[in-house]
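J.: Here's a structure for you.
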Amino acid sequence: MLTEMQRRFADYLVYNQGRTTFTDAALAAGYSPKRARIEGSELMDNPKVIKYLRYKTNEVNRSYTVTKNNYVLRQQKLSKKLEEAGKEEKCLGFENLIGKATGQFIETHLHGNLSDLSKSEKLDEIKRLKALQSERIEGISSKKLIENNSDK
């Protein structure tokens, strides 16, 4: 079991990864300024502190892992902050990202080179691309409906 000061030392190191020293962490934990450098060094030799440091680092890193849920939650928080600040018009970008991440919006890009084709060939190609787009949209919509109904 760690003392309160040892825990604070380790927590400070974890939350300031790469931006602090053992001395600074010892000072932040409440150790004496005269002994902070020595205490920081000694704490890093303490197996209990090292074990807690490893545990806490893994816990923090896991919470920052980008998952679909974390991503959507973050976009929702940012959108809500803008809305609360009275900037509803700026929420659209976040709402769009939320929709894409949750599968509400599908973006389709169709590419084709029409410049070397005759007018009738261009019209045929446009019809083909429109049909392809319709098939994709209908296929996705049907698939989503089936998935949504099976979840219930």
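J.: Per residue of the range 115-121, what does 6.51 cos²θ - 1.76 cosθ + 1.60 with θ = phi - 60° give for ³J(HN,Hα)? Whole Hz please, x for Gly and Pro, Karplus curve as stated.
T.: Residue by residue, the range 115-121 yields 5, 8, 9, 6, 4, 5, 5 Hz.
J.: Moving to a separate point now. Taking a cut-off of 15 Å between Cα atoms, list the aspartates and glutamates near Lys34, but don't count ones fewer than 8 places away on the same chain.
T.: Output for Lys34: Asp24, Glu42.
J.: Mind checking the full-extension length gain between Ala101 and Met44? Use 0.36 nm per residue of separation minus the Cα-Cα distance, one decimal, nm.
T.: Computed gain between Ala101 and Met44 is 16.3 nm.
J.: Just to be sure I understand: if I project the alpha-carbon convex hull of the range 25-69 onto a plane and average over all orientations, what area do I get in nm²?
T.: Orientation-averaged projected area of the Cα hull: 3.9 nm².
J.: Whole-Hz Karplus ³J(HN,Hα) for the range 88-100, in order, using 6.51 cos²θ - 1.76 cosθ + 1.60 and θ = phi - 60°, x for Gly and Pro?
T.: 4, 5, 8, 6, 3, x, 5, 4, 5, 5, 4, x, 5
J.: With a ≥ b ≥ c taken as the square roots of the eigenvalues of the C-alpha gyration tensor of the range 1-44, please select rounded if a/c is under 1.5 and otherwise prolate if a/b is larger than b/c or oblate if it is not?
T.: Cα axes put the range 1-44 in the oblate bin.
J.: At Ser32 and Glu83, where each label point lies 7 Å from the Cα along Cα→Cβ, what is the point-to-point distance in nanometres?
T.: Computed distance between label sites Ser32 and Glu83 equals 5.5 nm.
J.: What are the ³J(HN,Hα) values, in whole Hz, obtained from phi via the Karplus relation 6.51 cos²θ - 1.76 cosθ + 1.60 with θ = phi - 60°, for each residue of the range 13-20 in sequence order, with x given for Gly and Pro?
T.: 5, 5, 7, 10, 3, x, 10, 8
J.: Which percent of the accessible heavy-atom area of the range 8-90 goes to carbon and sulfur, probe 1.4 angstrom?
T.: 51 percent
The values are calculated or read from the model by the stated rules, or taken from the named source; none is laboratory data. All values derive from a computational prediction rather than experimental measurement. Heads up, the Cβs are rebuilt from the backbone with ideal geometry, glycines too, and the neighbour counts pull from every protein chain shown. Ligands, DNA and RNA are stripped out before the accessible areas are found, and what is left, the full protein with its side chains, is counted by its heavy atoms. Shrake-Rupley method; radii C 1.70, N 1.55, O 1.52, S 1.80 Å.
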